[in-house]
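Take a look at the structure below.
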Ligand SMILES: [Zn+2]
């Protein structure tokens, strides 16, 4: 705790000196030289990583992972010594830009964003020399890999299974990545079927939020396709060689989507009902009941049946489904760990 406050104070002082040294050179002697190197890690022609060297001793990193012009993370690799100087630590402590929390520490720090958005500091950062985009060397790739890894640990923390006490589904056909021949598509989530997840899941069994977040979609007024519309949707998918997104969405029936921040979204699909207070914009906590298991969107529901009820649960990371490109073993191993799934 104390260390992070110390770092924040040091950063504040450093940023203030940096800002003031640019605008008031006649009044202040800079405590250290500042230079920057800018990297295009994604190789898309835009800068996504900036390294600031403060006095050649310590480093401040800005990482704009999704190229939205705002860094997602700020990293700093120094502590203040008892003599009041900056000393490199050899490792980087990163801040989550949006939420002002410290990754790896679970500690909410004072607002680094406020410091970096101060007009004079922002202007100083713009005014500093910005050489051409640097080539990305091996050390930078290693660093980015480490940052990506700790970022994932941070944003994927505290997930849980959407059906209390359940395991991951036991059959490969119920996992993401499985083929769905009837619609010429690929399955994008976990099918939580009764008899396959370690706990009973009857029609209307409760479904809970996998993590704290905000409801961004709750289809309260879902109407099933007619049998004719369903047949046409399937025929269209077969002819297209894939399931078109608007058809896939309809086949998912009554859904709730929750945004957990940092491009992590969970989707709960084929629901029979949505909990009464669940509307778009609603904040939910992990474990809150958000809806009930059903079969909406499936062929049985289209024909007014109640068979085939299951929860389709999908975890999306950077707008890709969890499990994409993974082997079955990786899905089971990483999925169980991430979702804290019960083991059989
Ligand atoms: Zn499914």
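Here are a few things to note about the model shown:
- Of the residues making up the range 186-206, just one is more than 10 Å from the ligand (Cβ to nearest atom) and under 21 Å from residue 237 (Cα atoms), namely 186.
- The lone exception for residue 262 - which of (1) away from the ligand (no atom under 16 Å from the Cβ); (2) under 20 Å from residue 160 (Cβ atoms); (3) in a loop (DSSP other than H, G, I, E, B); (4) at pLDDT 95 or above it fails: (4)
- Just one of (1) within 16 Å of the ligand (Cβ to nearest atom); (2) in contact (Cβ under 8 Å) with a residue 60 or more places away in the chain fails for residue 226. It is (1).
- Summed over the range 296-306, the residues that are away from the ligand (no atom under 14 Å from the Cβ) and in a loop (DSSP other than H, G, I, E, B) give a count of 4.
- Residue count for the range 307-343, restricted to those that are assigned to a loop (DSSP other than H, G, I, E, B), away from the ligand (no atom under 16 Å from the Cβ) and either over 25 Å from residue 295 (Cα atoms) or in contact (Cβ under 8 Å) with a residue 60 or more places away in the chain (or both): 8.
- In the range 265-285, the residues that are in contact (Cβ under 8 Å) with a residue 60 or more places away in the chain and either within 13 Å of the ligand (Cβ to nearest atom) or buried (at least 22 other Cβ atoms within 10 Å of the Cβ) (or both): 266, 267, 268, 269, 271, 284
- Number of residues in the range 150-166 that are modelled with pLDDT of 95 or more and in contact with a helix residue (DSSP H, G or I) (Cβ under 8 Å, 6 or more places away or on another chain): the value is 3.
- In the range 238-259, the residues that are more than 15 Å from the ligand (Cβ to nearest atom) and more than 23 Å from the chain's Cα centre (by Cα): 238, 239, 240, 241, 242, 244, 246
The values are calculated or read from the model by the stated rules, or taken from the named source; none is laboratory data. Computed from a prediction, not measured in an experiment: that's the story for all the values here. Note: ideal-geometry Cβ built from the backbone for every residue, glycine included; neighbour counts use all protein chains shown.
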